[in-house]
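The values are calculated or read from the model by the stated rules, or taken from the named source; none is laboratory data. The structure displayed is predicted, hence computed values, not measured ones. Methodologically, a virtual Cβ is constructed for each residue, glycine included, from the backbone with ideal geometry; neighbour enumeration extends over all protein chains shown. We work out accessible area using only protein heavy atoms, side chains counted, and drop any ligands, DNA or RNA first. Shrake-Rupley method; radii C 1.70, N 1.55, O 1.52, S 1.80 Å.
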Amino acid sequence: MTGASQRIDEKIRQLGDWRGAALASLRRLIREADPDVMEEMKWVKPSNPLGVPTWSHAGIVCTGETYKDKVKLTFARGASLPDPSRLFNSSLEGGTPRAIDIREGGSVDADAFKTLVKAAVAENAAAKKR
């Protein structure tokens, strides 16, 4: 297990509420969708000493930010991804990223989410070739 993976574990432990459980569940789905995904912690700062959990494969796949009222999974190239299940429900007006906000008691369709992760990895690989 990498240092970043251990820091994600710590972030989940520190949350200790529904947000930690949601982040852990989404993390499991990301890893199931892409066993080669790399876990990182980015944007470490005094107000967020553990940073933001980030999953990458040929570029950033998505980040997992936690707020008081939601867990936000932001897909770096979300606007380029097919989303037939309409998982994206946030950051829709922006240019490239798209996000999924999960609030307490909410969830995502696991199969659709894993399909989205796989599409993000494929899009990153295609962008590297361009």
Descending packing, highest mean Cβ count within 10 Å first, for 122-130, 57-65, 109-117 is 57-65, 109-117, 122-130
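Compute the relative contact order of the chain as a whole-number percentage, counting only Cα pairs closer than 8 Å that sit 6 or more residues apart in sequence.
RCO, the chain: 22 percent.
Around residue 113, under 15 Å between beta carbons, what's the net of Lys plus Arg minus Asp minus Glu among the other residues? Walk me through the intermediate numbers first.
Working: positive: 27, 28, 31, 72, 86, 98, 114, 118; negative: 32, 34, 83, 101, 109, 111.
After counting each charged neighbour, the total is +2.
Counting heavy atoms of the protein chains only and a 1.4 Å probe, report the per residue accessible area for segment 1-111 as a whole number of Å².
Working: 5950 Å² over 111 residues.
Normalised by residue count, the accessible surface of segment 1-111 is 54 Å².
Given the DSSP H assignment, sum -39500 (n - 2.57) over each helix run of at least 4 residues in the chain and divide by its residue total; what's the result at 222 nm in deg cm²/dmol, nearest 500? If you can, show how the numbers build up before the last one.
Values: 3 runs with 49 residues, N = 130.
The helix contribution divided over the chain gives -12500 deg cm²/dmol.
From largest accessible area down, sort 55, 43; use a 1.4 Å probe on the protein chains.
Working: 55 0, 43 145 Å².
I get 43, 55, largest accessible area first.
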hull vol. (C-alpha, convex hull) per residue for the chain, Å³ -> 110 Å³
Given pairs 42/68; 42/129; 45/72 and cut-off 22 Å on Cα-Cα distance, the over-length ones are 42/129
In the chain the accessible area split gives carbon plus sulfur, as whole percent at 1.4 Å, a share of 50 percent
Expected vector for segment 113-127, Karplus 3J(HN,Hα) from phi with 6.51, -1.76, 1.60 and θ = phi - 60°, integer Hz, x for Gly and Pro, equals 5, 5, 4, 5, 4, 4, 5, 5, 5, 5, 5, 4, 5, 5, 5
